[in-house]
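The values are calculated or read from the model by the stated rules, or taken from the named source; none is laboratory data. Being a predicted model, the structure only gives us computed values, none of them experimental. Because the Cβ atoms are built from the backbone with ideal geometry, glycine has one as well, and the counts that use them run over all protein chains shown. Surface areas here come from the heavy atoms of the whole protein model, side chains and all, with no ligands, DNA or RNA. Shrake-Rupley method; radii C 1.70, N 1.55, O 1.52, S 1.80 Å.
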Amino acid sequence: MSEVKMIRIEDAAEYVGRVVKIGVWLRQKRGGGKIAFLQLRDGTGFMQGVVSATDVDEATFKLAEHLKQETSLYVTGTIHADSRSEFGYEMAVSEIEIVGESENYPISPKEHGTDFLFDERHLYLRHQKPYATLKIRDELIRAIYDFFHEDGFLKLDAPIITDSAPEGTTELFPVDYFGKEAYLSQTGQLYAEAGAMAFGKVYDFGPTFRAEKSSTRRHLTEFWMIDAEMAWMHQEQSLEVQERFIAYLIQRVIDNCRVELKMLGRDIEKLASYTKLPYPRVSYDDAVKLLQDNGFKIDWGVDFGSPEETFLANHFTSPFFVVNFPKAVKAFYMKRHPTRDDVVISADLMAPEGYGEIIGGSERDTDYDYLKQRLIDQHLDLNEYSWYLDLRKYGTVPHSGFGLGLERLIRFVAGEDHIRETIPFPRTLNRLHP
Ligand code: ATP
Ligand code: MG
């Protein structure tokens, strides 16, 4: 007899009516009497295996009845179309071969608290919700590379160990660098600016670290950031790139992750509406007025906190830009406004449905003396930024850029309540394990 073909669950549709073998784990089991229903997964999908006492020998049926959750096994059987299941196919199992036993698997089918699930994250990854979310993450990562590649950007990897703190010194993770104090990177932006002067349009995409001392649904201490930087580009053109980028990413997930979006209960129609451009631009001034009119005790000049962000993000029905923030709450490199001294040419892109900020960006100031003074005013060490100032000394040009947090994007696209769901092993104020 010829060897039975090994396949993966995702390919089941091509094997209807044929006998195949699949390496799987057992998620759950139900049944009784003369039939056992095995809920199986193999990393590419989820499928039911049906073991019928009338079709298999007694030993195989007994084996099926005694299988424990997360046992790994080979199942051999015939693939059938099954219109009742979401997946559409099932296997009539004829043979079972146990590969790895599993006793007392901790994540039983009952409801568990989130803390428990994240203590068991190394196992929780196997379950449907993380599966769907992390598949979407994978699609978005590939889509990000594709977008930039198709749009003529060069990928320029920024260093992870640095001696600068462009986003403020309160959220740094120090590293002992041969006796000198260094930090884990908070953003690759300054390096991307150097890259833009060399290659025109560049992006970087890597892990970034911020010692966020409060726990929110939007902050991790380790997250992945995409920085894009474009020479010869003013802010309005940068906003156009940003909205095109976000619409492209959303569309890719709709096209390629429909099953996963459904698993998560994400409203696909709503998501599709966010590919309609342009996104509204709202000034910081108007956003503050809107908040004040709705009972928030916020003064002009203050950065939005979580409640303000959530309110604004519920008020709008599409992603929207809040533009021209107060200079005092933004980073030193943001471009001065041509007629106002109190704001900078910046924009945060906010996601609707309460999700809030996903992108922070700005036009960058081009003037050497101004930036040097800003560094002094912010008590930053001029020696550490001398190379950055060089970019204004040798052929300075208008340029703009933005930073997108990958996990913020996933949270919004996948419709996750909490950012910890969007990364395989989250790092937060209270979590470093596993
Ligand atoms: P927030 O006000 O929400 O703390 P920020 O203004 O500090 O954000 P930026 O410095 O503009 O953020 O960083 C660019 C992007 O990086 C943000 O728009 C967001 O998507 C992402 N980001 C920033 N901090 C975090 C974090 N702690 N966890 C996850 N993503 C983050
Ligand atoms: Mg922050």
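Modelled spin-label separation between residue 110 and residue 57, with each label point placed 7 Å from Cα along the Cα-to-Cβ direction: 3.9 nm. The GNM of the chain, with springs linking C-alpha atoms under 10 angstrom apart, assigns the highest mean-square fluctuation among 272, 228, 347 to 272. A straight chain from residue 240 to residue 215 at 0.36 nm per residue would run longer than the Cα-Cα distance by 5.7 nm.
What is the range 263-315 by shape, rounded, prolate or oblate, if you read a ≥ b ≥ c off the alpha carbon gyration tensor as root eigenvalues and call it rounded for a/c under 1.5, prolate for a/b larger than b/c, and oblate otherwise? Let's see the in-between values first.
Values: a/c = 3.23, a/b = 1.90, b/c = 1.70.
Prolate, because a/c is 1.5 or more and a/b exceeds b/c.
Across 410, 345, 98, mean-square fluctuation computed from a Gaussian network of the chain (C-alpha pairs under 10 Å connected) peaks at 98. Based on the Cβ-Cβ distance from residue 18 to residue 418, what FRET efficiency comes out when R0 is 56 Å, to the nearest 0.05? With a Förster radius of 56 Å, E is 0.85.
With every protein chain present, what is the per residue accessible area of the range 121-422 (1.4 Å probe, Å²)? Walk me through the numbers on the way to the answer.
Working: 12840 Å² over 302 residues.
Here the residues of the range 121-422 average 43 Å² of exposed surface.
Taking 0.36 nm per residue of separation and subtracting the current Cα-Cα distance, fully stretching the chain between residue 126 and residue 396 would add 92.1 nm.
Please compute the length gained on full extension between residue 386 and residue 314, using 0.36 nm multiplied by the number of residues separating them and subtracting their Cα-Cα distance. Walk me through the numbers before you get to the answer.
Working: separation 72, 0.36 × 72 = 25.92 nm, distance 4.24 nm.
Here the answer is 21.7 nm.
The 3J(HN,Hα) values that the Karplus relation (6.51, -1.76, 1.60; θ = phi - 60°) gives for the range 402-415 are, in residue order, 7, x, 10, x, 4, 6, 5, 5, 4, 4, 5, 5, 7, x Hz. Gly and Pro appear as x.
Can you compute the FRET efficiency between residue 328 and residue 294 using 1/(1 + (r/R0)^6), with r the Cβ-Cβ distance and R0 = 30 Å? Round to the nearest 0.05. Let's see the in-between values first.
Working: r = 24 Å, r/R0 = 0.79.
FRET efficiency, residue 328 to residue 294: 0.80.
Report the Cα centroid-to-centroid distance between the range 202-255 and the range 316-369 in angstrom, as an integer. Value for the Cα centre distance between the two parts: 14 Å.
Between rounded, prolate and oblate, where does the range 1-71 land on the alpha carbon gyration tensor, with a ≥ b ≥ c its root eigenvalues, rounded for a/c under 1.5, else prolate if a/b exceeds b/c? The shape class here is oblate.
Considering only protein heavy atoms and a probe of 1.4 Å, how much of the accessible area of the range 5-100 is carbon and sulfur, as a whole percent? Can you show the working numbers first?
Values: 2330 of 4880 Å².
After summing per-atom areas, the C and S share lands at 48 percent.
Taking only protein heavy atoms into account and a 1.4 Å probe, give the accessible area per residue of the range 3-113 in Å². On a per-residue basis, the range 3-113 sits at 55 Å².
Here the spin labels are modelled as points 7 Å beyond Cα on the Cα-Cβ line, and at residue 272 and residue 171 they lie 3.6 nm apart. Our Cα-only numbers for the range 1-157 put the radius of gyration and Dmax at 18.7, 63 Å. Annotation: the chain has a Kirkwood hydrodynamic radius of 24.5 angstrom, from the mean reciprocal C-alpha pair distance. Annotation: peptides 305-311, 108-114, ranked by per-residue average of other Cβ atoms within 10 Å with the highest first, follow the order 305-311, 108-114.
The Cα atoms of the range 170-216 give a gyration tensor whose axes a ≥ b ≥ c have a/c of 1.5 or more with a/b no greater than b/c, which makes the shape oblate. Heavy-atom surface analysis with a 1.4 Å probe gives the range 121-422 a carbon and sulfur content of 51 percent of its accessible area.
Using a Debye calculation, one point per C-alpha and no hydration shell, please list log10 I(q)/I(0) for the range 310-434 at q = 0.18 Å⁻¹ in order. For the range 310-434, the Cα-only Debye profile gives -1.00. Here the scattering of the range 286-325 is modelled by Debye summation over its C-alpha atoms, one equal scatterer each and no solvent; at q = 0.17 Å⁻¹ the log10 of I(q)/I(0) is -0.40.
What the phi angles of the range 78-88 give under the Karplus curve with 6.51, -1.76 and 1.60, with θ = phi - 60°, is a coupling list of 9, 7, 10, 5, 9, 5, 6, 8, 4, 6, x Hz, glycine and proline written as x. DSSP finds beta bridges in the chain, and of those with both partners inside it, around 85 percent are antiparallel.
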